[in-house]
Amino acid sequence: MIEVVLFDLDDTLFDHRDSVRQGIEAHRVSLELPGYPEEEFARWNALEEVHYHRYLTGELDFFEQRRARARGFVEPHGQVLADPDADAWFEAYLAHYENNWQLHTDAAACLDRMDARGIRIGIITNGDISFQGAKLAGLGITDRFEHVIASGSVGFAKPDPRIFAHACALFAVAPAQAMYVGDRLHTDAIGAAAAGLRGVWLDRGGAAPATQYGEATAAGAHVIRTLDDLDGLL
């Protein structure tokens, strides 16, 4: 029986992707940089994937990955940013990003249903606890969660099984009594399943290749299209 449901934050509960899309476009326009919105968003998104992963593996610290993303974005425009300028550039972007923070439309109702069923809920997120905590506060959902576990605080990141084990220990439940829901197949769903939890892949777009659905099945992970589908797995 599932007693605890743990959620990823970015692009599972929090609509990170759309907040980034609107934030980088507003920042780009404010700087009068040329480009097409969708292409520039894709480029910024790619820079985040590369350099945030470098942060998670310990190659860069939290602020170094921000500087690398800022420098990568302006480099095609012939700009070179020293550390203070890169920091200021990223802070200006963050203001636009934060102005567009929002939950996914199915998130609040899902959390309400968990509460109504007496299911304890928490967060496991890859990132810095102060920044991820600021998101929860800005979205008004901090108090919804019994525990918030961030990789930057525990020293290991998803899909490392230790972060899932650490979460279960905090809740004092066996892994088999916990479910983990996230938007990334390997990092979230398969990682959780390998650690003994019930792994759930939230595939909102439903456009993943068939091979990935096969991977999910082989790993014992479940697939849902919306958080409304989660009730059927409990």
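Residues in region 120-149 that are closer than 16 Å to Ala192 by Cβ and of a type in the set (A, V, I, L, M) were compared, and the one that is farthest from the chain's Cα centre (by Cα) is Ile121. Of all the residues in region 8-31, those that are in contact with a strand residue (DSSP E or B) (Cβ under 6 Å, 6 or more places away or on another chain) and free of Cβ contacts under 8 Å to residues at least 12 places away in the same chain number 1. The residues on offer are Val154, Val80, and the sole one that is over 18 Å from the mean Cα position of the chain (by Cα), free of Cβ contacts under 8 Å to residues at least 24 places away in the same chain and surrounded by fewer than 18 Cβ atoms within 10 Å (Cβ to Cβ) is Val80. The number of residues in region 118-145 being under 16 Å from Trp101 (Cα atoms), of a type in the set (Gly, Ala, Ser) and outside any helix (DSSP H, G or I) comes to 1. Beta carbons closer than 8 Å, at least 6 apart along the sequence or on distinct chains, pair a first residue in region 46-68 that is under 17 Å from Ser153 (Cβ atoms) with a second that is of a type in the set (Asp, Glu) for Tyr55/Asp61; Tyr55/Glu64; Phe62/Asp128; Phe63/Asp87. Of the residues making up region 114-145, those that are more than 14 Å from Leu13 (Cα to Cα) and either in contact with a Phe, Trp or Tyr (Cβ under 7 Å, 6 or more places away or on another chain) or charged (D, E, K, R) (or both) are Asp115, Arg117, Arg120, Asp128, Asp143. Scanning region 109-136 for residues being in contact with a helix residue (DSSP H, G or I) (Cβ under 9 Å, 6 or more places away or on another chain), small (Gly, Ala, Ser) and farther than 17 Å from Phe164 by Cβ gives a total of 4. Among the residues of this structure, Trp101 counts as one that is assigned to a loop (DSSP other than H, G, I, E, B), at pLDDT 95 or above, hydrophobic (A, V, I, L, M, F, W, C) and in contact with a Leu (Cβ under 8 Å, 6 or more places away or on another chain).
The values are calculated or read from the model by the stated rules, or taken from the named source; none is laboratory data. Please read these numbers as outputs of a predicted model, since none were measured by experiment. Every residue, glycine among them, receives a Cβ derived from its backbone with ideal geometry; neighbour counts consider all protein chains shown.
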